[in-house]
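Trainee: Here you go, one structure.
The values are calculated or read from the model by the stated rules, or taken from the named source; none is laboratory data. Small disclaimer: the values here were computed from a predicted structure and weren't measured. Ideal geometry is used to build each Cβ from the backbone, glycine not excepted, and the neighbour counts take in all protein chains shown. Accessible surface areas use protein heavy atoms only, side chains included; no ligands, DNA or RNA. Shrake-Rupley method; radii C 1.70, N 1.55, O 1.52, S 1.80 Å.
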Amino acid sequence: MSADSERLRRILRIKRDGGALEGGDQAWLLERAGRGEVEEAALATLLASIWFHGMEAPELAGWTRGMVASGRSLDLSSFDAPKVDKHSTGGIGDKVSLPLAPLLASMGMVVPMISGRGLGHTGGTLDKLEAVPGVRTELGEDAVLDVLRDAGAVICAQTRDVAPADRTLYALRDRVELVESLPLIASSIVSKKVAEDIDALVLDVKAGSGAFLTDLDRVRELARTMVELAEASEVRTSARITWMGRPLGRAVGHALEVEESRAALRGEGPPDLAELVEAFAVDLAVSSGVAADEEAAVALARERIESGAAAERFERMLHAQGATGEALPESPDVHELTARDAGILGFGDVREVGLAVRELGGGRSAPSDAIDPAVGVVWERAAGDRVDAGDLLCRVHHRGGRGLEAALERLERAVRLEDSAAAEPPLLLERIEPGAAG
Ligand code: URA
């Protein structure tokens, strides 16, 4: 047996038996995994062992470093301004990245935002941005730097060289049902952020029925783990746990969310979207040193929106990423969903709203599925509003009735009309700072 095979087997045995992997072995394995040189059976076995046994904090930090070192980080040393980013675990109607990235750029930060695509009930930021005619998100490193020089912000896919071990492991985890492991999720997210060469990061970790994890204790543990991991890689990081028990904003669906993001950048967006965008802009302005304190950061963020500077950055970023200037795609048909009874609007399982949009053709069941960017749902009423029977709840944008019946069934399941208003949790539930891990 070759020395490499023996080393791989030893690594598999250590983790199978619940031991901790040491940094040198992790770096060796992940470098090879990133080059596609480790057989899938071995990798899947190792991932399953991590799933069952978890990882100790120093071991997880070593694993994350190994993921970063499996590729080449961006080199943003030619930019003087602070480099920052935000990551969200995703939710229904979560389009925060679209207005936030250009707002941060207009406030004097550089934003190299590597994002993902949607799968299942949530939409992906890249898919939303690609609803804009001509926009490209699969960019090489040179193109990423060009967009940053031009607009100060870019929203793009993981480049070929950024954390390639993560690309291998994530695709494999998806195929063998090993996605929902806290150490694997945390290291996957943080490795890509660290490889962006950023100074400061905020994490939006969602809780509630539309979130990726629904149990609040697990959400907290994920947030704390990611904060500590990113801090261990010298990225100033904090997290907010935010409520995803109702759709964020009014629009769910790719082009509709771009339109709502544009409204937010004009200061005309829904209040919950504005609240989240401002909270993350303030967190990053303070942690990166662009603003002296929260008050100054709020004033700066508001001024950038009111003056039109943030909206102008968005259009500049889109143009630098290939936007042709054509109008957003619009669905040819709209169905109005009305309330069956009188009551106060609430959401039971808000995940059903995301799945309704998928039924219309605006989401994926498999990574290779095509998306219809024009379809979706726009809520005319928000959670907590009193409605009468027959009042308009939402407009369903569809294409010739495709998936409409199934979508309407899901929307009826998502909606609750109660006699009295259930206490809605605040949008910003908790803040997690470094050192709070327990
Ligand atoms: N997003 C990622 O990038 N990685 C995960 O493991 C889960 C969500």
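Trainee: Here are some residues: Arg340, Arg351. Which one is under 22 Å from Ser88 (Cβ atoms) and open to solvent by 50 Å² or more (accessible area, probe 1.4 Å)?
Mentor: The conditions single out Arg351.
Trainee: Please go through the range 203-220 and pick out each residue that is aliphatic (A, V, I, L, M), away from the ligand (no atom under 14 Å from the Cβ) and surrounded by 24 or more Cβ atoms within 10 Å (Cβ to Cβ).
Mentor: Correct list: Ala207 only.
Trainee: I would also like to ask the following. Quick check: is even one residue across the range 152-161 within 13 Å of the ligand (Cβ to nearest atom) and either of a type in the set (A, V, I, L, M) or in the same structural domain as Ala232 (by TED's automatic domain parsing) (or both)?
Mentor: yes
Trainee: While we're on this one: Have a look at Glu260, Glu294, Glu268, Glu275 and point out the one that is closer than 30 Å to Val375 by Cα and touching a helix residue (DSSP H, G or I) at 6+ places or on another chain (Cβ under 8 Å).
Mentor: Only one candidate qualifies: Glu260.
Trainee: Could I ask something else about it? Given Leu60, Leu100, Leu129, which one is of a type outside the set (Asp, Glu), at pLDDT 95 or above and outside the structural domain of Thr225 (by TED's automatic domain parsing)?
Mentor: Being of a type outside the set (Asp, Glu), at pLDDT 95 or above and outside the structural domain of Thr225 (by TED's automatic domain parsing) holds for just one of Leu60, Leu100, Leu129, which is Leu60.
Trainee: Shifting gears a bit: Failed condition for Ala407, given (1) under 30 Å from Gly134 (Cβ atoms); (2) open to solvent by less than 30 Å² (accessible area, probe 1.4 Å); (3) not in a helix (DSSP H, G or I), with all others met?
Mentor: The number of the failed condition is (3).
Trainee: Residues that are open to solvent by 20 Å² or more (accessible area, probe 1.4 Å): list the helices (runs of 4 or more DSSP H) wholly contained in the range 74-159 that include at least 3 such residues.
Mentor: Qualifying helices (runs of 4 or more DSSP H): 141-151.
Trainee: In addition: Just give me the residues in the range 165-174 being surrounded by fewer than 23 Cβ atoms within 10 Å (Cβ to Cβ) and over 19 Å from the mean Cα position of the chain (by Cα), in sequence order.
Mentor: Selection gives Thr168, Leu172.
Trainee: Now for a separate question. With the checklist (1) more than 9 Å from the ligand (Cβ to nearest atom); (2) touching a residue at least 12 places away in the same chain (Cβ under 8 Å); (3) closer than 21 Å to Ser73 by Cβ; (4) of a type outside the set (Phe, Trp, Tyr) in hand, flag the one item Asp142 doesn't pass.
Mentor: (2)
Trainee: Return the only residue of Arg399, Arg381, Arg395, Arg358 being under 21 Å from Trp243 (Cβ atoms) and open to solvent by 60 Å² or more (accessible area, probe 1.4 Å).
Mentor: The match here is Arg381.
Trainee: Just the residues that are loosely packed, with under 15 Cβ neighbours inside 10 Å, of a type in the set (A, V, I, L, M, F, W, C) and within 13 Å of Pro133 (Cα to Cα), please, taken from the range 287-337.
Mentor: Ala327 - this is the single residue of the range 287-337 that is loosely packed, with under 15 Cβ neighbours inside 10 Å, of a type in the set (A, V, I, L, M, F, W, C) and within 13 Å of Pro133 (Cα to Cα).
Trainee: Within the range 389-438, count every residue that is small (Gly, Ala, Ser) and within 25 Å of Val205 (Cα to Cα).
Mentor: 7
Trainee: Next up: If Ser191 satisfies all but one of (1) away from the ligand (no atom under 15 Å from the Cβ); (2) closer than 26 Å to Arg72 by Cα, what's the number of the condition it fails?
Mentor: Evaluating Ser191 over (1) away from the ligand (no atom under 15 Å from the Cβ); (2) closer than 26 Å to Arg72 by Cα leaves (1) as the failure.
Trainee: Suppose we keep only residues that are surrounded by 15 or more Cβ atoms within 10 Å (Cβ to Cβ) and at pLDDT below 95 within the range 363-378. Which one would you say is farthest from the chain's Cα centre (by Cα)?
Mentor: Ranking the candidates gives Ile371 first.
Trainee: Are any residues in the range 169-182 near the ligand (Cβ under 10 Å from one of its atoms) and part of a helix (DSSP H, G or I), and if so, which ones?
Mentor: The answer is Leu169, Tyr170, Arg173, Asp174, Leu182.
Trainee: Considering only helices (runs of 4 or more DSSP H) fully contained in the range 268-345, which possess at least 3 residues that are under 25 Å from His398 (Cβ atoms) and in contact with a Lys or Arg (Cβ under 7 Å, 6 or more places away or on another chain)?
Mentor: Answer list for the range 268-345: none.
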